[in-house]
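Here the structure is laid out as structure tokens; the discussion comes afterwards.
Values in this text are rule-based calculations from the coordinates and carry no lab data. Because the structure is predicted, anything quoted here is derived from the model rather than measured. Here the Cβ is made from the backbone with ideal geometry for all residues, glycine too, and neighbour counts use every protein chain on show.
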Amino acid sequence: MTDDAVRAQYEAYPYPSRDPADESKRLVEGSPSHIHELNHYVFGGRRDWRKPFRALVAGGGTGDGAIMLAQHLADAECPAEVIYLDLSDAARDIARARAEARGLANIAFHSLSLLDLPAADLGTFDYVDCCGVLHHLEDPAAGLKALAGVLAPDGGMGLMVYGELGRTGVYDVQAMLRTLASDDPPAGQAPGEQVVLAKRLLRQLPATNRFKRNSLVGDHLDGGDAGLYDLLLHSRDRTYRVAEIAALASSAGLRVTAFIEPARYDAASYINDRRILERLAGLSWLERAAFAELLAGNMRKHVFYAVKKANRGPVVADAGDPGAIPRLRVGDGQTLAATLKPGQTLTATVDGVTLRFPLPPLASAMIARMDGQRTLGAIHGELVGIDPGLDWDAFKKQFDSLYGALAGTGQLYLSFPPPR
Ligand SMILES: C[S@@+](CC[C@H](N)C(=O)[O-])C[C@H]1O[C@@H](n2cnc3c(N)ncnc32)[C@H](O)[C@@H]1O
């Protein structure tokens with residue numbers, strides 16, 4: 001397995017498959033690196049977007065993360081610079097065409113290995129995105145160290161690596177395909193025969209095959225040949241569990257601030273046995289997250305945020321601060337509130353499991369006031385006008401429950417008004 005094989009794959013199959021013409025129809029948004037999400041989980045919600053912001057998107061592929069971030073920063077009128085880098089020229093060309101289609105002038109494109117960052121003289125970054133890349137490196141720890149080396153002391157990172165449990169069966173099929181056609185495709189030549197063999201094998205898998213039984217993985221069905229190749233024919237990939245991610249981050253001088261979506265990493269989202277939950281309460285948050293990973297058994301990837309260990313500044317936004325401004329990720333509060341009935345339970349289905357969150361009585365009244373402007377203190381003040389007995393503690397108890405449901409499922413973030 002060589003870097004050349006990885007590069008050849010992404011030259012032949014730039015990932016993910018994207019058509020720049022689609023930029024006029026929609027913006028692909030996801031995690032990590034949604035501007036409100038990264039602000040919440042690495043800058044304590046206190047990033048002032050009027051100030052210059054430098055972001056690195058390492059292994060940017062066909063551009064999903066770089067385009068989303070650059071568009072969000074442009075919308076926020078932030079004087080920002082997004083540096084995209086990737087090994088694959090084919091992927092870079094698609095990413096650049098997408099930026100041009102959107103008229104984005106805040107991205108610079110580089111053909112470079114992230115391992116060469118120390119010598120590349122690109123400066124330091126407030127934020128580094130590295131999504132779906134480290135697990136393809138021969139030495140992921142060396143890759144993360146190279147990224148940490150260009151991160152500003154108070155900066156943050158958004159990362160994604162494969163999860164072990166949700167990818168059950170993937171490596172069985174990879175091994176079979178290596179048995180059938182083990183040669184790396186010559187550099188620059190489309191590895192078409194391997195794709196043909198993979199499709200033929202998939203059609204014949206018996207019902208007992210572990211990949212066949214894993215309904216969570218669908219990249220080979222909806223991602224075209226690039227998706228199929230990435231999933232089943234990759235020359236090099238590995239998976240991680242929660243504890244391994246914490247160790248990987250630590251080896252690069254980083255600490256994990258959050259896994260996305262947070263509720264998925266909380267056993268209480270899946271079970272309600274008080275005796276079991278009381279035992280878990282004594283563990284560290286990372287130990288609890290590792291337990292939830294085993295309990296759910298469905299995590300195909302781990303999206304997480306990290307900062308330097310020495311960064312003690314506010315990194316995760318404080319939901320107890322009356323000055324915090326709650327903001328929905330999608331849509332406006334009034335519209336969502338109008339769909340909620342008293343006593344309703346919020347449900348979210350992720351990777352085959354449905355999570356249920358009973359909403360507090362004031363959920364609708366609170367959500368209706370989430371407009372990205374009002375602070376929690378202001379919302380409390382308005383609700384006191386309706387119910388004079390609602391003191392801050394009673395309000396906060398209900399908000400905490402709503403926050404657990406909405407922030408826990410990636411639908412709500414907090415930020416703070418910039419200083420005047
Ligand atoms: C699975 S794709 C992910 C693309 C993108 N980050 C996303 O999430 O859509 C992995 C990308 O990492 C790039 N890559 C792999 N090793 C790299 C390295 N050492 N330096 C820079 N890019 C690399 C590949 O060329 C490929 O475009």
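Points to keep in mind about this one:
- Range of Cα positions in region 308-420 per principal axis (Å), largest first: 43, 43, 25
- By DSSP, the beta bridges lying fully in the chain are antiparallel in about 50 percent of cases.
- Cβ-placed point charges (K, R +1; D, E -1), dipole of region 257-402 about Cα centre in debye, nearest 20: 460 debye
- Each 5 Å bin from zero up to the one holding the largest Cα-Cα distance in region 266-323 carries the following percent of pairs: 4, 14, 19, 19, 18, 17, 8, 2.
- Remark: region 335-345, residue by residue, has Karplus-estimated 3J(HN,Hα) of 5, 5, 4, 5, 8, 8, 9, x, x, 6, 9 Hz, where x stands for each Gly or Pro and the curve is 6.51 cos²θ - 1.76 cosθ + 1.60 at θ = phi - 60°.
- Relative to the longest principal axis of the Cα atoms of the chain, the long axis of helix 170-180 lies at roughly 10 degrees.
- Proximity of backbone amide H atoms, modeled 1.01 Å from N, is registered between residue 258 and 305 at under 5 Å, excluding neighbours fewer than 5 places apart on the same chain.
- By the beta-carbon count within 10 Å of each Cβ, the least crowded to most crowded order of 275, 264, fewest first, is 275, 264.
- Options 63, 160, 181, ranked by Cα towards positive dipole end of the chain, top entry (Cβ charges): 160
- Per-pair calculated FRET efficiency, R0 = 56 Å: residue 340 and residue 111 via Cβ, rounded to 0.05: 0.70
- With R₀ fixed at 56 Å, the C-beta to C-beta distance from residue 221 to residue 382 puts the FRET efficiency at about 0.70.
- Degrees between helix 64-75 axis and first principal axis of the chain (Cα, 0 to 90, nearest 10): 40 degrees
- Each listed q (0.11, 0.21 Å⁻¹) maps to a log10 I(q)/I(0) for region 1-138, found by the Debye formula over equal Cα scatterers with no solvent: -0.38, -1.33.
- Ordering 252, 346, 133 by the projection of their Cα atoms onto the charge dipole of the chain, which places +1 on the Cβ of Lys and Arg and -1 on the Cβ of Asp and Glu, puts 346 at the extreme positive end.
- Gained length - residue 373 relative to residue 287, 0.36 nm times residue gap less alpha-carbon distance: 27.4 nm
- Folded to 0 to 90 degrees: helix 285-296 orientation relative to the chain principal axis, Cα: 70 degrees
- Whole-Hz ³J(HN,Hα) from phi, Karplus 6.51 cos²θ - 1.76 cosθ + 1.60, for region 299-311, glycine and proline x: 7, 8, 9, 10, 9, 8, 10, 8, 9, 5, 4, 6, 6
- When only the Cβ of Lys, Arg, Asp and Glu is charged (+1, +1, -1, -1), the dipole of the chain relative to its Cα centre reaches about 1000 debye.
- Helix-only [θ]222 nm of the chain, DSSP H runs n ≥ 4, -39500 (n - 2.57) each, per residue, nearest 500: -11500 deg cm²/dmol
- Along its first, second and third principal axes, ordered by size, the chain spans 73, 51, 42 Å in Cα coordinates.
- In plain terms, the chain from residue 172 to residue 420 could stretch by 83.5 nm, reckoned as 0.36 nm per residue minus the Cα-Cα distance.
- Euclidean distance between Cα centres, region 233-285 to region 18-59, Å: 23 Å
- Karplus-based coupling profile of region 132-140, in residue order and whole Hz: x, 10, 4, 6, 9, 8, 4, 10, x, with θ = phi - 60° in 6.51 cos²θ - 1.76 cosθ + 1.60 and x standing for Gly or Pro.
- Efficiency of FRET between residue 165 and residue 209 - r from beta-carbon atoms, R0 22 angstrom, step 0.05: 0.80
- Positive end of the dipole of the chain (Cβ unit charges, origin at the Cα centre): among 115, 304, 398, the Cα lying farthest that way belongs to 398.
- Additional length obtainable on full extension of the chain from residue 180 to residue 238, 0.36 nm per residue less Cα span: 18.8 nm
- Summing Cβ point charges (Lys, Arg +1; Asp, Glu -1) relative to the Cα centre of region 325-415 gives a dipole of roughly 160 debye.
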